[in-house]
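Engineer: Take this structure, written in structure tokens, and hold onto it; I'll ask about it next.
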Amino acid sequence: MADGAATIRRRPLSMLRHFLDNEASGGLVLMAAAALALAVANSPFAPAYFGALHAYLGPLSLLHWINDALMAVFFLLVGLEIKREVLDGQLSTWSRRALPGIAAAGGMTVPALIYAGFNWSDPATLRGWAIPTATDIAFALGVLSLLGSRVPASLKVFLTALAIIDDLGAVAIIAVFYTGDLSLLDLGLAAAVVAALVALNRGGVLRLWPYLLLGGALWFLVLRSGVHATIAGVVLALTIPLRAQPGRPDEMQGSPLHRLEHGLHNWVAFLIIPVFGFANAGVSFAGLTTEALLDHLTLGVALGLFLGKLVGVFGSAALTIRLGLADLPMGASWPQLVGVSLLCGIGFTMSLFIGMLAFANDPALQDEVKIGILGGSLLAGLAGWGVLRIAPREVPAPAPHAAARPSRR
């Protein structure tokens, strides 16, 4: 019995380690997919690449199927991670939420202000103010994985918690600011499906297939309603039960939420996100001018990610620590916190997603967004890696009784 209890106590750490390892590996795959997209978009295969993305398969183009349907599965996983961390993980108490929560708030506010400062006089581009507010957890953890043991686990946990809160903020922004004309009928039907999902949860239904079946209907209705279809993934996630099946000793494996999260994670990390990156990162550099690189939209995105995240995340975290509301992550030094703050400027997946929503009908502005995201994320990634590569590690203080210990000589 004691062994079983010990297994359950160790499981959250092993689950977190599994999550971090998978996200880091997925980040490396995403880097390769983005690089391949850029290579193809600037090769003789470019016409076939762009033509395939805009070819229609039924009611939607291939690009829309990727961005509206596949990414709904990504948002489902995001919602599951948010719910798990808030109820049963690194964000389950105020002391655990304080540092990443306040740092995430600063890391969303400052980049948005920098972007708005560059685009204030242009209402057409000001609509993209939220583009540099997001952090790509897979990309950032992928860079951290290249540094091995030089980065303490506590900073990886801090970055993960911050990015999850960041994702929650991005979901709220998409739902509120990037919603089109609404169909009240479809919204009403979607609300009825959500009520049915909540009833399943309250009724103690622990099988996954009824939730997933209703989730498919919810996605279709949300797509028709004018709210972006990916929001259906998050709403579905919040109704998945976080409790075990009765009589099962393996408490975490018995939880419907953990089972679904475990089942989706590799598909999302190694297929859905790389496919999204390949479909959306391709931008042709043919005819690219200095004016485009220095345009207020491009600079607002790039500097919002590179400088805004650094100032917002590190400044908010440092203030929180200095005020005594939280502690510096265990085993980490201040320069290492600077390095991780820089890595938060890698805003690839969610930033691209918001950019495509903000300028859905303007391919030229979408290309400027992509250039800004790629440039800002590359600068942030290289700078963060460089700082963490040379940053001194925290030197543990000697134990209080060390000086009084008698010599063995």
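Engineer: Exactly one condition in (1) modelled with pLDDT of 85 or more; (2) open to solvent by 30 Å² or more (accessible area, probe 1.4 Å); (3) over 28 Å from Trp267 (Cβ atoms) is false for Gly180; which is it?
Structural biologist: (1)
Engineer: Conditions: (1) under 16 Å from the mean Cα position of the chain (by Cα); (2) more than 24 Å from Leu218 (Cβ to Cβ); (3) surrounded by fewer than 17 Cβ atoms within 10 Å (Cβ to Cβ). Ala172 meets all but one. Number of the miss?
Structural biologist: Going through (1) under 16 Å from the mean Cα position of the chain (by Cα); (2) more than 24 Å from Leu218 (Cβ to Cβ); (3) surrounded by fewer than 17 Cβ atoms within 10 Å (Cβ to Cβ) one by one, Ala172 breaks only (2).
Engineer: Output the number of residues of the stretch 138-168 satisfying the condition of being touching a Ser or Thr at 6+ places or on another chain (Cβ under 8 Å) and open to solvent by 20 Å² or more (accessible area, probe 1.4 Å).
Structural biologist: Here the count works out to 2.
Engineer: Of the residues that sit in the stretch 332-353 and are open to solvent by 30 Å² or more (accessible area, probe 1.4 Å) and not aromatic (Phe, Trp, Tyr), which one is farthest from Met108 (Cα to Cα)?
Structural biologist: Only one residue tops the list, namely Pro335.
For (1) of a type in the set (A, V, I, L, M, F, W, C); (2) modelled with pLDDT of 70 or more; (3) open to solvent by less than 40 Å² (accessible area, probe 1.4 Å), each residue gets a yes or a no:
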{"position": "Arg10", "(1), (2), (3)": "no, no, no"}
{"position": "Leu30", "(1), (2), (3)": "yes, yes, yes"}
{"position": "Val40", "(1), (2), (3)": "yes, yes, yes"}
{"position": "Pro47", "(1), (2), (3)": "no, yes, no"}
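Engineer: Ok, one more. Residue check, Ala72 against (1) under 19 Å from Ala269 (Cα atoms); (2) of a type in the set (Gly, Ala, Ser); (3) open to solvent by 60 Å² or more (accessible area, probe 1.4 Å), all met but one. Which one?
Structural biologist: All conditions are met except number (3).
Engineer: May I pose another question? Which members of the stretch 195-217 meet the condition of being in contact (Cβ under 8 Å) with a residue 40 or more places away in the chain and either open to solvent by less than 40 Å² (accessible area, probe 1.4 Å) or within 28 Å of Gly101 (Cα to Cα) (or both)?
Structural biologist: Leu197, Val198, Asn201, Leu206, Leu208, Tyr211, Gly215
Engineer: Continuing with the same structure: Quick one: which helices (runs of 4 or more DSSP H) sit completely within the stretch 304-361 and have at least 2 residues that are farther than 24 Å from Gly27 by Cα?
Structural biologist: 315-322
The values are calculated or read from the model by the stated rules, or taken from the named source; none is laboratory data. Computed from a predicted model, the values in this text were never measured in an experiment. Glycine gets a Cβ as well: all are built from the backbone with ideal geometry, and neighbour counts include every protein chain shown. Calculation scope for accessible area: heavy atoms of the full protein, side chains included, ligands and nucleic acids excluded. Shrake-Rupley method; radii C 1.70, N 1.55, O 1.52, S 1.80 Å.
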